[in-house]
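Read the structure below first, then the notes.
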Amino acid sequence: MNILKILVFLLFTSFYKPSERCSNIYLIRHAEKVRTDKSDRDPDLNKNGFLRAINWKNYFSDKNISRIYSTNYKRTIKTVEPLAENNSLEIILYSSDDIIYEAFLKSSIGKNTLVVGHSNTIPGFVNNLIDEDYYDQIDDLNNSNLYIVSLCDSGMIHKLITVD
């Protein structure tokens, strides 16, 4: 009888796979910006942008974000400030021209990271992470795209969702 119990135990445990561990990199475009002065290269967020920044903070509140990266512009920094302040995180400034993507991926293992950038940089950032020309630039009026790159035990997966 003991041998039968052992065989049944081995049979069931051979099919058991513990839940897969994943580290996530979340990538967003900055929230809505002031558009009154086309010559202003560093505009602030508008009213809807400040509301979206609060919505992003709420969205990411249960995602265990441990690092936040932002380009050095008012609109990107202010998009993630509410989350950074809420989670007592420093905002790490970056330039998309200076990222070494392989090193960034390695440093992301075991962490959940948020990256905020621009309509013409975030899709390219994602494409470099996944090493594939998959995502197109974001329409200039779209501030709701959320790209998720997950580094899991079984490999890398990615997706695009919309968060309003």
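The values are calculated or read from the model by the stated rules, or taken from the named source; none is laboratory data. Keep in mind that what you see is a predicted model, and the values were worked out from it rather than measured. Cβ atoms come from the backbone with ideal geometry, glycine included; neighbour counts cover every protein chain shown.
Per-structure values
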| quantity | calculated |
| --- | --- |
| Cross-chain or 6+ apart pairs with Cβ under 6 Å, region 89-104 first and polar (S, T, N, Q), then surrounded by 12 or more Cβ atoms within 10 Å (Cβ to Cβ) and assigned to a loop (DSSP other than H, G, I, E, B) | Ser96/Thr121 |
| Complete set of residues in region 91-129 that are of a type in the set (A, V, I, L, M), closer than 24 Å to Asp139 by Cα and crowded, with 19+ Cβ neighbours inside 10 Å | Leu114, Val115, Val116, Ile122, Val126, Leu129 |
| Residue within region 27-37 that is among the aliphatic types (A, V, I, L, M) and part of a helix (DSSP H, G or I) present | no |
| Verdict on Lys74 being among the basic types (Lys, Arg), touching a helix residue (DSSP H, G or I) at 6+ places or on another chain (Cβ under 7 Å) and modelled with pLDDT of 95 or more | no |
| Options Ile3, Ile25, Ile54: the member that is among the β-branched types (Val, Ile, Thr), over 18 Å from Val115 (Cβ atoms) and either at pLDDT 95 or above or surrounded by 15 or more Cβ atoms within 10 Å (Cβ to Cβ) (or both) | Ile54 |
| Near pairs, Cβ below 8 angstrom, 6+ apart or cross-chain, from region 52-80 (more than 17 Å from Asn24 (Cβ to Cβ)) to any residue that is of a type in the set (Gly, Ala, Ser) and modelled with pLDDT under 95 | Thr71/Ser96 |
